[in-house]
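A short reminder: the numbers here are calculations on the coordinates, not readings from a lab. Everything numeric in this text was worked out from a predicted model, so none of it was measured. Here the Cβ is made from the backbone with ideal geometry for all residues, glycine too, and neighbour counts use every protein chain on show.
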Amino acid sequence: MLSRRTFIKSALVANAALLTNPSQALQLVLDNAQGQPLLTLADEKSPAAKQFITHVSDDNSSLGLDIGVQFERVKQFCSESPNGLISGLSRDSDFFVIEQLAKDYGFYPSYSANHIQQGNNLSHEVSASQQSADLIAHALAQAGEQWPVWLAHNTQLLPQGHQPMVASKSQIQSTHAAQDFLVSWSLSAAKNT
């Protein structure tokens, strides 16, 4: 159920978007996202995660292998920013730990994707809201090997809030052979107002 505040905000943005051209409408969405608190984490061992974190345009980002060091930072962020967004590109085990910790503060996954590099194949298995999953999977494929950069630039535009999630998959041929398995994810409050 939509809160009155969310309805009014959505209606204002939608009405403003109707009066502008598409690029201005996208800028309105981006401007709204700019005010949202963001905490971004990444795994320092992965070149893709390093590429991701260097393109995040927020000062509240961290590159670190030991996820245990991040516990207090995540707890503090969840307490101080109940409508914030926590995102990352990490190992699956790190995502699991952060997800469990954030649940205590009402933050749940609103997007996740497995990024699997096996040999020359790179696949993206996206879980997101029904209206977003296919679009995100397609955008990641279109970004090619620059997918971490695309992800960094679009983190705050990924789905938020608690919605049923569906899966979508895309695959491309990569120019370099590697073995890598990463998960990108975002956690947001169950009810964003």
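Numbers below:
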{"quantity": "In segment 81-121, the residues that are of a type outside the set (K, R), without any contact (Cβ under 8 Å) to a residue 40 or more places away in the chain and surrounded by fewer than 15 Cβ atoms within 10 Å (Cβ to Cβ)", "calculated": "S93, F96, Q100, D104"}
{"quantity": "Enumeration of residues in segment 132-146 that are farther than 21 Å from I53 by Cβ and touching a residue at least 12 places away in the same chain (Cβ under 8 Å)", "calculated": "S132, A133, D134, A137, H138, A141"}
{"quantity": "Residue check, L187 touching a Lys or Arg at 6+ places or on another chain (Cβ under 9 Å) and under 14 Å from L38 (Cβ atoms)", "calculated": "yes"}
